[in-house]
Amino acid sequence: MAFQIPRGTQDLLPGETEKWQYVEQVARDLCRRYGYEEIRTPIFEHTELFLRGVGDTTDIVQKEMYTFEDKGGRALTLRPEGTAPVVRAFVEHKLYGSPNQPVKLYYAGPMFRYERPEAGRFRQFVQFGVEAIGSSDPAIDAEVMALAMHIYKALGLKHIRLVINSLGDVDSRRAHREALVRHFSDRIHELCPDCQARLETNPLRILDCKKDRDHELMASAPSILDYLNDESRAYFEKVKQYLTMLDIPFVIDSRLVRGLDYYNHTTFEIMSEAEGFGAAATLCGGGRYNGLVQEIGGPETPGIGFALSIERLLAALEAEGIELPIHRGIDCYVVAVGERAKDETVRLVYELRRAGLRVEQDYLGRKMKAQLKAADRLGASFVAIIGDEELEKQTAAVKHMASGEQTDVPLGELASFLIERTKREE
Ligand code: HAM
């Protein structure tokens, strides 16, 4: 029996991987510009980290984690998200003591969630995320959202929408929670069993229910924005004011509660509005988590961040018909005609590569005509043909594929000739 890839995962083949590299590079460059530095944490962590960090009543923890016991009997989990691990590293390495505050970090890597696979929803997916830890200045909320939007815009996306909300501070959340319990209690039996359980454990999650989304109790549920205390309201006002100053359009959705428990104050998502994009329209999600560092054992420290999935970013680019400027071609294909020439090309190809050129040669003993075809398939800008005659003269017959123009170039000058010519073409 032939093996098949596990459900909800994907192989990225050449042709596709260049797109990943390209978008990741754009995101990395922008992070550097905004002052974020890369952090890399393990793919798996102690399960307890996510129970505490993400919240043990969330869907992620209750239904979606890949948890296993290692041979030493430890409970480990493939990370379902990046914020709790980054905060764990922040605490473990005492980055709160670093003179550079806030600590601004970015990461890129696979995350794992046992979800029902569908378009844009995978069991292994790659998140690119940032975390700014150590400041509760609303200006950094604006910065984080500006950076996320900048990544999408730099890649050419036009049909995206920033949706924001505030969950307020602990007091505001408590008042809202009580109002939710009052609102849902009498008729909770009309909602799904998950919602019934959530009424006790985490009533805010009811608003995020996918099954009961259209139930009339949802539309009439108390809005968190009516329960923000003065401080939380002022904070949210300032965030909105900064976004307006930066000319970043946004809409407010008081039902944006997010699927992880660590949030307070600002939460946000960026959605694709491209036609036919489908259900998984949320490209990016994030928010403020002022209690998380302490929850994970560090000193009281505020934080905010976001994560976007590269899979959905690429799908959004496709939905908007955006072609990335990816050049897959090579600079030169060296064609060998005959045994002696073959020996020479092995040396020459290595020399050209050491000079910085993208070069290929034949490894299948093909005839000249087939080698030329191979060069064409690889998108070679030039072919350099070497046969007995050229060997005698120590030259190569160099052909510019686009124009057909042909020149004899001394072998010793081939590298500089190609560097000069390919530079001019770019
Ligand atoms: P999240 O909303 O769970 O937040 O995930 C962030 C993004 O990851 C989503 O908007 C979506 O684009 C992508 N995503 C989630 N699940 C899948 C999936 N199964 N397949 C493909 N893409 C997916 C977080 O993970 C938080 N850690 C974000 C954050 C950072 N908050 C503060 N800092």
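The values are calculated or read from the model by the stated rules, or taken from the named source; none is laboratory data. Not measured: the values here are computed from a predicted model. All Cβ positions, glycine included, derive from the backbone under ideal geometry; neighbour counts span all protein chains shown.
Below is a table of values for the structure above.
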quantity: Count - residues of region 309-319 that are of a type in the set (Asp, Glu) and either within 14 Å of the ligand (Cβ to nearest atom) or crowded, with 20+ Cβ neighbours inside 10 Å (or both); calculated: 1
quantity: Elements of type helices (runs of 4 or more DSSP H) in region 339-426, at least 3 residues being farther than 28 Å from residue 325 by Cβ; calculated: 339-354, 368-377, 388-393
quantity: Filtered residue count, region 347-378, keeping only those that are surrounded by 14 or more Cβ atoms within 10 Å (Cβ to Cβ), without any contact (Cβ under 8 Å) to a residue 60 or more places away in the chain and within 22 Å of residue 416 (Cβ to Cβ); calculated: 7
quantity: Qualifying positions in region 198-225 - in contact (Cβ under 8 Å) with a residue 40 or more places away in the chain and either more than 23 Å from residue 170 (Cα to Cα) or of a type outside the set (Ser, Thr, Tyr) (or both); calculated: 198, 202, 204, 205, 207, 208, 221, 222, 224, 225
quantity: Failed criterion for residue 306 (all others in (1) under 36 Å from the mean Cα position of the chain (by Cα); (2) outside any helix (DSSP H, G or I); (3) at pLDDT 95 or above; (4) more than 16 Å from the ligand (Cβ to nearest atom) hold); calculated: (4)
quantity: Residue that is nearest to the ligand (Cβ to nearest atom) [pool: residues in region 260-275 that are in contact with a Lys or Arg (Cβ under 8 Å, 6 or more places away or on another chain) and part of a loop (DSSP other than H, G, I, E, B)]; calculated: 263
quantity: Flag for residue 231 being under 25 Å from residue 305 (Cβ atoms), away from the ligand (no atom under 16 Å from the Cβ) and either without any contact (Cβ under 8 Å) to a residue 24 or more places away in the chain or in a loop (DSSP other than H, G, I, E, B) (or both); calculated: no
quantity: Single condition residue 257 does not satisfy, out of (1) within 12 Å of the ligand (Cβ to nearest atom); (2) not basic (Lys, Arg); (3) not in a loop (DSSP other than H, G, I, E, B); calculated: (3)
quantity: Residues within region 336-361 that are among the β-branched types (Val, Ile, Thr) and in contact with an Asp or Glu (Cβ under 7 Å, 6 or more places away or on another chain), tallied; calculated: 1
quantity: Residues being within 36 Å of the chain's Cα centre (by Cα) and surrounded by fewer than 20 Cβ atoms within 10 Å (Cβ to Cβ) - total across region 379-402; calculated: 1
quantity: Spans of strands (runs of 3 or more DSSP E) in region 22-97 with at least 1 residues of a type in the set (Gly, Ala, Ser) and modelled with pLDDT of 95 or more; calculated: 75-78
quantity: Residue within region 320-330 that is touching a Ser or Thr at 6+ places or on another chain (Cβ under 7 Å), outside any helix (DSSP H, G or I) and more than 16 Å from the ligand (Cβ to nearest atom) present; calculated: yes
quantity: Criterion (in the same structural domain as residue 41 (by TED's automatic domain parsing) and either crowded, with 19+ Cβ neighbours inside 10 Å or closer than 20 Å to residue 218 by Cβ (or both)) met by exactly one of 191, 180, 162, 199; calculated: 162
quantity: Of residues in region 279-303 being within 21 Å of residue 19 (Cα to Cα) and surrounded by fewer than 24 Cβ atoms within 10 Å (Cβ to Cβ), the one farthest from the ligand (Cβ to nearest atom); calculated: 281
quantity: Tally of residues being more than 9 Å from the ligand (Cβ to nearest atom) and either at pLDDT below 95 or part of a loop (DSSP other than H, G, I, E, B) (or both) across region 119-144; calculated: 5
quantity: Selection count, region 91-118, where residues are near the ligand (Cβ under 10 Å from one of its atoms), of a type in the set (Asp, Glu) and out of contact with any strand residue (DSSP E or B) (no Cβ under 6 Å at 6 or more places or on another chain); calculated: 1
quantity: Selected residue [exposed (fewer than 15 other Cβ atoms within 10 Å of the Cβ) and within 24 Å of residue 200 (Cβ to Cβ)] from 69, 37, 64, 48; calculated: 48
quantity: Number of the exception - residue 150 against (1) assigned to a helix (DSSP H, G or I); (2) within 16 Å of the ligand (Cβ to nearest atom); (3) in contact with a Leu (Cβ under 7 Å, 6 or more places away or on another chain); calculated: (2)
quantity: Contacts under 8 angstrom Cβ, first residue in region 128-148 being without any contact (Cβ under 8 Å) to a residue 24 or more places away in the chain, partner within 14 Å of the ligand (Cβ to nearest atom) and not in a helix (DSSP H, G or I), 6 or more apart; calculated: none
quantity: Residue count, region 276-302 (criterion: among the β-branched types (Val, Ile, Thr) and assigned to a strand (DSSP E or B)); calculated: 1
